[in-house]
Amino acid sequence: MSSDQWAERLGAIQAQIARAASACGRDPREVTLVAVSKTHPVEAIQALYDLGVRDFGESYVQEWQEKAAALPADIRWHLIGHLQTNKVKYLEDRLWLIHSVDRASLVKELARRAQAPVSVLLQVNVAGEDSKFGCTPEALPALLEQALEAEHIIVRGLMTVPPYVEVAAENAPNFAALAKLREQLEQRVAAVQPEHPFDLLSMGMTVDFEEAIVHGATHVRVGTALFGERDYGAQA
Ligand SMILES: *Cc1c(COP(=O)(O)O)cnc(C)c1O
């Protein structure tokens, strides 16, 4: 793709974000576009970087490491995929935000390995789908307490991957549920770590990011609309 084509795609998504935010009285600057670059080559990431994008999301630790080594150091890397406990030792301190902390064993391992403070979101399976990662809403308070107690871990908010839907509005209840959970836990977090607000909501993907913004998303994770379809077969 030419840089004009990249600019056009990016501009269209930024305009959608701005419209969705303005329509519900939010400042568009409250919403960070995380460009989900998993399975896509470093050239594609560089093209968006050249247009000013700094937030990129990756799902697989090894793939992220290889790309990060080849790309500018000021990229803010977001780890958004399921994180196996045995991969934590490879994380180093270059991650900006880990979106997918969903169990006590992972909290423990992150705390044990971290050399510096690491910012995380707790992933919640609000829709209760069997096939999805994330703790249940019922288990969230206990997981939060563990994360608050753990050394080096800063809990900044919540994340969810709701069901795939054709009509974005179908996910409205799930986005609303995540926003409500954040609100309910905010005071508790403020009491324990007053210097770091519990103010982030990572929700919304290509099909439903505008709906997520209406419900308070601060981070939308957009892959396909930016990079095109993913070809998992092309991966090693
Ligand atoms: C791949 C992925 C995305 C991006 O999905 P698109 O539908 O391509 O925008 C967002 N969030 C998570 C957790 C993902 O794994």
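The stretch between LYS87 and GLN187 holds 32.8 nm of extra length on full extension. This uses 0.36 nm per residue minus the Cα-Cα distance. Shape class of the range 12-126 from the alpha-carbon gyration tensor: oblate, with a/c at 1.5 or above and b/c at least as large as a/b. Lysine pairs in the chain with Cα distance under 28 Å, only those 8 or more apart or on different chains: how many are there? Value for the chain: 16. Note on ALA70 and ASP27: their simple-model spin labels are 3.8 nm apart, each label 7 Å out from Cα toward Cβ. Our summary gives the chain a relative contact order of 20 percent, counting only alpha carbon pairs under 8 angstrom and 6 or more residues apart.
Between ALA15 and HIS152, the C-beta separation translates, for a Förster distance of 35 Å, into a calculated FRET efficiency of about 0.35. With protein chains left intact and a 1.4 Å probe, residues in the range 118-217 average 46 Å² of accessible area per residue. Residue separation of SER105 and GLU43 scaled by 0.36 nm, minus their Cα-Cα distance, works out to 18.7 nm of gained length. Considering only ALA44, LEU140, VAL192, the residue lying farthest towards the positive end of the dipole of the chain is VAL192, judged by Cα position with unit charges set on Cβ. Within the full protein context, the accessible area of MET1 is estimated at about 110 Å² for a probe radius of 1.4 Å.
Comparing ALA176, ALA217, ALA35 in a Gaussian network model of the chain where C-alpha atoms under 10 Å apart are linked, the largest mean-square fluctuation is found at ALA176. The gain in end-to-end length when the LEU51 to THR224 segment is fully stretched comes to 60.5 nm, 0.36 nm per residue minus the alpha carbon separation. Heavy-atom accessible surface of THR206, to the nearest 10 Å², is about 50 Å², with a 1.4 Å probe and all protein chains retained. When only the Cβ of Lys, Arg, Asp and Glu is charged (+1, +1, -1, -1), the dipole of the chain relative to its Cα centre reaches about 400 debye. Charge dipole of the range 99-236 (Cα centre as origin; +1 on each Lys and Arg Cβ, -1 on each Asp and Glu Cβ, all else neutral): 440 debye, rounded to the nearest 20.
The values are calculated or read from the model by the stated rules, or taken from the named source; none is laboratory data. Note that the structure is predicted; figures quoted are calculated from it, not measured. Don't worry about glycine lacking a Cβ; one is built from the backbone with ideal geometry, like all the others, and counts go over all protein chains shown. Calculation scope for accessible area: heavy atoms of the full protein, side chains included, ligands and nucleic acids excluded. Shrake-Rupley method; radii C 1.70, N 1.55, O 1.52, S 1.80 Å.
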